[in-house]
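K.L.:
Encoded as structure tokens, here's the structure I'll be asking about.
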Amino acid sequence: MNYTLHQLQVFLKVTQTKSITKASEELFLTQPAVSIQLKNFQEQFDFPLTEVIGRQLYVTDFGREIAEAAEKIINEVQAINHKTLAYKGQLSGKLKISVVSTGKYVIPYFMTAFVKKHPGIELELDVTNKSKVIESLEMNQVDFSLVSIVPENLSLSKIELMENKLYLVGNSDFLYSKKKKDKTILKEIPLIYREKGSGTRFVMEQFINQNELQIEKKMELTSNEAVKQAVLAGLGCSIMPLIGIKNELNNGDLHIIPVEGLPLQSNWNVIWLSQKKHSPVAQAFKLYLEENKTEIIREKFSWI
């Protein structure tokens with residue numbers, strides 16, 4: 001056998017995602033490149049590692065055993081690399097963070113200088129919806145999570161970063177005077193929702209329910225970017241975080257519709273399990289946030 005470390009990494013990612021397409025996206029490779037590496041790796045074994053039934057990829061029992069071995073080998077290689085850097089006096093290791101989808105407009109600014117200062121750090125950033133973010137945190141799969149709504153059913157510690165303001169926005173098809181509108185305007189316009197489990201959806205529905213508004217015209221989309229594109233196209237309006245629409249507001253493609261009771265406000269928080277035993281990398285990042293968050297907010301988010 002003459003398999004490579006790269007083939008092990010590709011195979012492991014395929015087994016984790018159960019998809020060549022998703023594996024290629026996470027590895028930043030083309031689908032043909034992943035398929036070729038998977039094929040070359042498979043040919044070195046007498047038993048199949050994966051099988052495709054219909055359009056779904058499955059990992060065989062033998063394949064799962066090889067995947068477990070591959071993960072151990074990759075972890076050992078990473079440990080060697082980290083020990084080498086540590087011997088040189090450099091901070092090294094993996095930092096895992098899960099982020100709610102709108103948080104992708106926030107978290108990079110709180111990480112850039114830290115990652116540049118410590119090039120030995122491997123960053124694993126998962127951007128997904130709130131439900132999956134909390135699940136990864138609860139399963140102890142990540143060091144930190146970035147959320148705007150802190151779950152109450154877990155014992156957590158947090159660092160509060162900055163405000164998260166949400167406004168009703170629309171395109172030029174929904175131009176109104178600058179005078180504040182009554183909340184009942186939400187009953188009159190097509191309203192676009194995020195999917196269930198989203199923090200934005202939670203805050204939006206909370207406002208609607210508290211004001212006993214019966215919304216009849218509504219649409220549901222599965223990401224903040226999809227909602228933004230739908231609003232830009234004129235399919236309706238939505239209550240959206242200001243952080244994700246700065247450019248569209250500046251160039252006039254979107255505008256804020258002033259409504260009584262808005263903006264809604266929550267806060268961006270970096271959270272972690274209270275009993276979590278952080279690695280040296282995670283400890284360093286936590287300290288970095290505590291010491292630098294005020295300056296980062298002043299430099300990068302003064303427009304909010």
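K.L.:
Can you tell me which residue in segment 27-44 is modelled with the highest pLDDT, limited to those that are of a type outside the set (S, T, N, Q) and outside any helix (DSSP H, G or I)?
P.N.:
Looking at the filtered set, the residue picked out is 43.
Listed here are the residues, each with its yes/no results for (1) touching a Lys or Arg at 6+ places or on another chain (Cβ under 9 Å); (2) closer than 20 Å to residue 149 by Cα; (3) of a type in the set (A, V, I, L, M).
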position	(1), (2), (3)
193	yes, yes, no
198	yes, yes, no
206	no, yes, no
209	no, yes, no
214	yes, no, no
223	yes, yes, no
230	no, no, yes
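K.L.:
Something else about it: Would a scan of segment 170-192 turn up a residue that is surrounded by 15 or more Cβ atoms within 10 Å (Cβ to Cβ), farther than 30 Å from residue 291 by Cα and touching a Ser or Thr at 6+ places or on another chain (Cβ under 6 Å)?
P.N.:
Among the residues of segment 170-192, at least one is surrounded by 15 or more Cβ atoms within 10 Å (Cβ to Cβ), farther than 30 Å from residue 291 by Cα and touching a Ser or Thr at 6+ places or on another chain (Cβ under 6 Å), which makes the answer yes.
K.L.:
Residues in segment 33-49: is at least one under 26 Å from residue 118 (Cβ atoms), more than 26 Å from the chain's Cα centre (by Cα) and aromatic (Phe, Trp, Tyr)?
P.N.:
Within segment 33-49 (the criterion being under 26 Å from residue 118 (Cβ atoms), more than 26 Å from the chain's Cα centre (by Cα) and aromatic (Phe, Trp, Tyr)), the answer is no, since none of the residues qualifies.
K.L.:
Among the residues of segment 93-100, is there at least one that is more than 19 Å from the chain's Cα centre (by Cα) and more than 20 Å from residue 10 (Cα to Cα)?
P.N.:
Yes, there is a match, as at least one residue in segment 93-100 is more than 19 Å from the chain's Cα centre (by Cα) and more than 20 Å from residue 10 (Cα to Cα).
K.L.:
Within segment 100-123, track down each residue that is assigned to a helix (DSSP H, G or I), under 15 Å from residue 241 (Cβ atoms) and open to solvent by less than 20 Å² (accessible area, probe 1.4 Å).
P.N.:
Selection gives 101, 102, 103, 107.
K.L.:
Just to check your reading of the model, which residue among 292, 224 is of a type in the set (S, T, N, Q) and either under 23 Å from residue 178 (Cβ atoms) or in contact with a Ser or Thr (Cβ under 7 Å, 6 or more places away or on another chain) (or both)?
P.N.:
Exactly one residue qualifies, and that residue is 224.
Yes/no per residue for (1) in contact with a Gly (Cβ under 8 Å, 6 or more places away or on another chain); (2) part of a strand (DSSP E or B); (3) buried (at least 20 other Cβ atoms within 10 Å of the Cβ); (4) at pLDDT below 90:
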| site | (1), (2), (3), (4) |
| --- | --- |
| 214 | no, no, no, yes |
| 229 | no, no, no, no |
| 235 | no, no, no, no |
| 249 | no, no, no, no |
| 271 | no, yes, yes, no |
| 285 | no, no, yes, no |
| 294 | no, no, no, no |
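K.L.:
Anything in segment 273-283 that is in a helix (DSSP H, G or I) and either open to solvent by 90 Å² or more (accessible area, probe 1.4 Å) or at pLDDT 95 or above (or both)? List them, or say none.
P.N.:
Of everything in segment 273-283, just one residue is in a helix (DSSP H, G or I) and either open to solvent by 90 Å² or more (accessible area, probe 1.4 Å) or at pLDDT 95 or above (or both), namely 280.
K.L.:
If you don't mind, there's one more thing I want to ask. Residue 205 fails exactly one of the following numbered conditions: (1) on the phi > 0 side of the Ramachandran plot; (2) among the acidic types (Asp, Glu); (3) open to solvent by less than 70 Å² (accessible area, probe 1.4 Å). What is the number of that condition?
P.N.:
Result: residue 205 fails condition (1) only.
K.L.:
State all residues of segment 153-177 that are assigned to a strand (DSSP E or B) and in contact with a Gly (Cβ under 8 Å, 6 or more places away or on another chain); if no residue qualifies, say none.
P.N.:
170
K.L.:
So, in segment 45-64, of the ones that are touching a residue at least 24 places away in the same chain (Cβ under 8 Å) and in a helix (DSSP H, G or I), which residue ends up most open to solvent (accessible area, probe 1.4 Å)?
P.N.:
By that ranking, first place goes to 64.
K.L.:
For residue 304, work out the one condition from (1) under 23 Å from the mean Cα position of the chain (by Cα); (2) assigned to a helix (DSSP H, G or I); (3) within 24 Å of residue 111 (Cβ to Cβ) it doesn't fulfil.
P.N.:
Answer for residue 304: the failing condition is (2).
K.L.:
Here's something else I'd like to know. Here is a list: 189, 149, 159, 185. Which entry is under 18 Å from residue 223 (Cα atoms), aliphatic (A, V, I, L, M) and either in contact with a His (Cβ under 8 Å, 6 or more places away or on another chain) or touching a residue at least 40 places away in the same chain (Cβ under 8 Å) (or both)?
P.N.:
Numbers: 189 fails: under 18 Å from residue 223 (Cα atoms); 159 fails: under 18 Å from residue 223 (Cα atoms); 185 fails: under 18 Å from residue 223 (Cα atoms).
Every option except 149 fails the conditions.
The values are calculated or read from the model by the stated rules, or taken from the named source; none is laboratory data. Every value quoted in this text rests on a predicted model; they were computed, and no experiment measured them. Here Cβ is always computed from backbone atoms with ideal geometry, including for glycine, and neighbour counts include all displayed protein chains. Heads up: the accessible areas ignore ligands, DNA and RNA and are worked out on the full protein's heavy atoms, side chains in. Shrake-Rupley method; radii C 1.70, N 1.55, O 1.52, S 1.80 Å.
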